[in-house]
Each structure stands twice: as C-alpha cells, then as structure tokens.
Amino acid sequence: MPQRRPFVAGNWKLNGSLAGNAGLLAAIVAGLPATPPCDVVVCPAYVHLPDAIGRLAGAAIGVGAQDVADVAGGAYTGEVSATMLREVGCRYAIVGHSERRMLYGETDAAVGRKAAAAAGAGLVPIVCVGETLAERDAGATLAVVERQLEAAVAVAGLAALADAVIAYEPVWAIGTGRTATPAQADEVHGAIRAMLARHDATIAGRLRIVYGGSVKAANARDLFAMANIDGGLVGGASLDAGEFLAICGAADPA
Ligand code: PEP
C-alpha cells in the first residue's frame, strides 16, 4: 500500500479577527514540532488570508481558503478566483463544504468546476463530500458520496485532481459533537478509494482521504489509525490551539 502523508486542516469558518488570529497562529507555531507528523493547514476567512500567510512565513503550515470561484474572472460580484488566491500565497482551497452546498445552494457540478479551477491555478483542492442524516438512514450514503465525487471527476478529470485531498464529512457529524465511529468513517473512505480506483488505481492509492465531523483531540487518534483515514478536516476544535496541536500530533503513529 502506498505511504500517504497524513493531512490535517483547520476550517476556521466565519470566525476570527486580526488580533485573535495572531494569537492563535502564534500558539500553533510555538507548539508544532519542527517536523510535524502531517501536512498542517489553516483556512481563515478570505480577508484574513494575507495576514495569516505573512505570519506563517517560514513555518511548516500551509494556508488555504474556505472556498473559491468556479470561474477565472469577470462580472461575478463578490467572488475570489483561484489565481488571486495563489497570488497572495494560498496553497489550498476547500470546495464543496456542506455549509456551502446547503446554505448557498452549491451544486455538485459547481463544486466540480471549483475543484477544477483550484487545481488549474496550482491550488490543492480539498473536496468535501458527505451525506445528510436522512440519506444515511435511507442507506444512501455511498450513492450520495459517489454522485458528489463523480461530478467533480467528470468536470476536472481525476488526473487534474491527483494532488487533491478528499474530505469525507458526514453532514450529521459537522458541528454536532456527534462523530462517525472510526469503523463507519473507514468504510466510506474505503468505498471512496475504490470508486476513484475505477478511474485510476495509482492516483486513488495516493490521494489523501481525510475525515471531518467533530474531530477533536479525544477521538483523532482512533480515527487516524484506520487504514483509509489519512487525517482530518477540523472545524470547531481548530480554533483552540491546544486541541488543534493534539489533533496534528495524533497523526503520528508512534
Ligand atoms: C467542518 O466544518 O469541516 C467540520 C468538520 O466542523 P466540526 O469539526 O466543527 O464538526
């Protein structure tokens, strides 16, 4: 099985301030080992990206946006393009977070276009997929995740997404304190890898598939120990430096 470097990203959502972020970032930098056991990424709000990137210069921490436009430029008021994000030093962009899908009506096709736009501009897309509680209860989890992923692959092509990160985030576990069990998550991660392997087994074996949904210090080690779970996308717990550092540390199998 290919060695996949674990990946842990903090999604700060609509939180933070320049002063608050400075304190949080300083605490994360101070607590992170010189050689972290995983790729570490933080995703502040758009307007805070340049400040965070400046503060993290020289640190082993990447910065990502929480979204990206699905077009390159033009008359799209309020949008921010992948090229603009690259220009200010962003390296990642979350696409298709369930809050964007549910609150802002993002379709599977739009998420696919965002993933393609991000990858095309040299960003690593963090492509979020996941089912609602009703869909899980109806036994539709794998069908939903497959539909969401296939839409992204259809637009971008798997080769363009070879360096992407897939985040499996069951909607019922996001911000609810209710975490998928390691076995539940690993089953879906394994199915995602198998789906992608139908397109290209080598890429599917290399792609990181991370779990999101109420990851915290107390459950990260058990989740990350599973064969197909390559790290986490962390919401609430990423706003606490101690929690976030412990989650990053849980990626170290030692
Ligand atoms: C998220 O927003 O991606 C997330 C997983 O949130 P939380 O960790 O708070 O459930």
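The values are calculated or read from the model by the stated rules, or taken from the named source; none is laboratory data. Small disclaimer: the values here were computed from a predicted structure and weren't measured. Note that we place each Cβ from the backbone using ideal geometry, even for glycine, and neighbour counts take in every protein chain shown. Areas reflect the complete protein model, heavy atoms only, side chains present, ligands, DNA and RNA absent. Shrake-Rupley method; radii C 1.70, N 1.55, O 1.52, S 1.80 Å.
List of remarks:
- All positions within segment 2-23 that are open to solvent by less than 20 Å² (accessible area, probe 1.4 Å) and hydrophobic (A, V, I, L, M, F, W, C): Phe7, Val8, Ala9, Trp12
- Residues that are buried (at least 19 other Cβ atoms within 10 Å of the Cβ) and within 14 Å of Gly16 (Cα to Cα), drawn from segment 49-64: Leu49, Ala52
- One residue from Val111, Val145, Val124, Val165 being surrounded by 16 or more Cβ atoms within 10 Å (Cβ to Cβ) and more than 16 Å from Leu207 (Cβ to Cβ): Val111
- Of the numbered criteria (1) more than 15 Å from the ligand (Cβ to nearest atom); (2) open to solvent by 60 Å² or more (accessible area, probe 1.4 Å), the one Leu239 fails is (1).
- Contacts under 8 angstrom Cβ, first residue in segment 49-67 being within 23 Å of Glu106 (Cβ to Cβ) and without any contact (Cβ under 8 Å) to a residue 40 or more places away in the chain, partner acidic (Asp, Glu) and exposed (fewer than 15 other Cβ atoms within 10 Å of the Cβ), 6 or more apart: none
- Of all residue pairs spaced 6 or more apart or on separate chains, those with beta-carbon atoms under 9 Å, a first member in segment 1-22 that is in contact (Cβ under 8 Å) with a residue 40 or more places away in the chain and a second member that is polar (S, T, N, Q) and within 16 Å of the ligand (Cβ to nearest atom) are Val8/Ser238; Ala9/Ser238; Gly10/Ser238; Asn11/Gln66; Asn11/Ser238; Trp12/Gln66; Trp12/Ser238; Lys13/Gln66.
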